[in-house]
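Okay, structure first, notes after.
The values are calculated or read from the model by the stated rules, or taken from the named source; none is laboratory data. The shown structure was predicted, so the numbers you read here are calculated from the model rather than taken from an experiment. Cβ placement follows ideal geometry from the backbone for every residue including glycine, while neighbour counts extend to all protein chains displayed.
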Amino acid sequence: DTGVSQDPRHKITKRGQNVTFRCDPISEHNRLYWYRQTLGQGPEFLTYFQNEAQLEKSRLLSDRFSAERPKGSFSTLEIQRTEQGDSAMYLCASSLAIGQGETQYFGPGTRLLVL
Amino acid sequence: GNSVTQMEGPVTLSEEAFLTINCTYTATGYPSLFWYVQYPGEGLQLLLKATKADDKGSNKGFEATYRKETTSFHLEKGSVQVSDSAVYFCARLNSGNTPLVFGKGTRLSVIA
């Protein structure tokens, strides 16, 4: 198993453009999470899926953000009309839902810079 | 509210020094607690975890004990190495297994 992968690793875009990021979780993990990390801060939760169902969205996830996990495997995160404040590292994590204390495994992240 | 508080960094230590990074949490119920590490240019890696009171998580010489009475999960290592230089994040997961809540991270630099 190669772990959680994310693509692209880096993205530079101009303000107002749309961007899409992809996450491939560890195979057979049924939960997939998206987090955002800005400089000097810990990751902040954006949204998560159990299989193909989006179960929770943070208030950080404005209307310009949308995430999908159409077949319960990979997921995409799209940001429309990007703003400079969207510049951050976008992290994906996956886990296997068990009882107490499931472990989330993180990908390397996609670093977004909005000019 | 539900939060995780870590000691402010950066922390600079000499090789073989003793390390403590404090972490306290507030949460409803009985959360699971985690330490993740982020090496330069890499993603977050799980370092250790504990799922109930008095559990001790350990890995690579690091330890942390889940203290319910003080709502703490302090990270310790008896003798740090230069290769331990990284940012360390404390995190909690509520008993409903909702998303992780992270502290702000503590940057550790170990000098030879």
Restricting region B:65-81 to residues that are among the hydrophobic types (A, V, I, L, M, F, W, C) and more than 14 Å from chain A (Cβ to nearest Cβ), the residue that is nearest to the chain's Cα centre (by Cα):
B:75
Say we look at region B:1-49 and pick out the residues that are of a type in the set (D, E, K, R) and at pLDDT 95 or above; which of these is farthest from residue B:66 (Cα to Cα)?
B:15
Among strands (runs of 3 or more DSSP E) entirely within region B:68-112, at least 2 residues that are surrounded by 22 or more Cβ atoms within 10 Å (Cβ to Cβ) and at pLDDT 95 or above occur in B:86-93
Just one of the numbered conditions (1) part of a loop (DSSP other than H, G, I, E, B); (2) facing chain B (nearest Cβ under 9 Å); (3) without any contact (Cβ under 8 Å) to a residue 24 or more places away in the chain is not true of residue A:59; which one?
(2)
Every residue in region A:69-104 that is surrounded by 20 or more Cβ atoms within 10 Å (Cβ to Cβ), over 19 Å from residue A:12 (Cα atoms) and within 14 Å of chain B (Cβ to nearest Cβ), please.
A:93, A:94, A:95, A:104
Kindly check whether there is at least one residue in region B:51-60 that is part of a strand (DSSP E or B), among the charged types (D, E, K, R) and under 11 Å from the mean Cα position of the chain (by Cα).
no
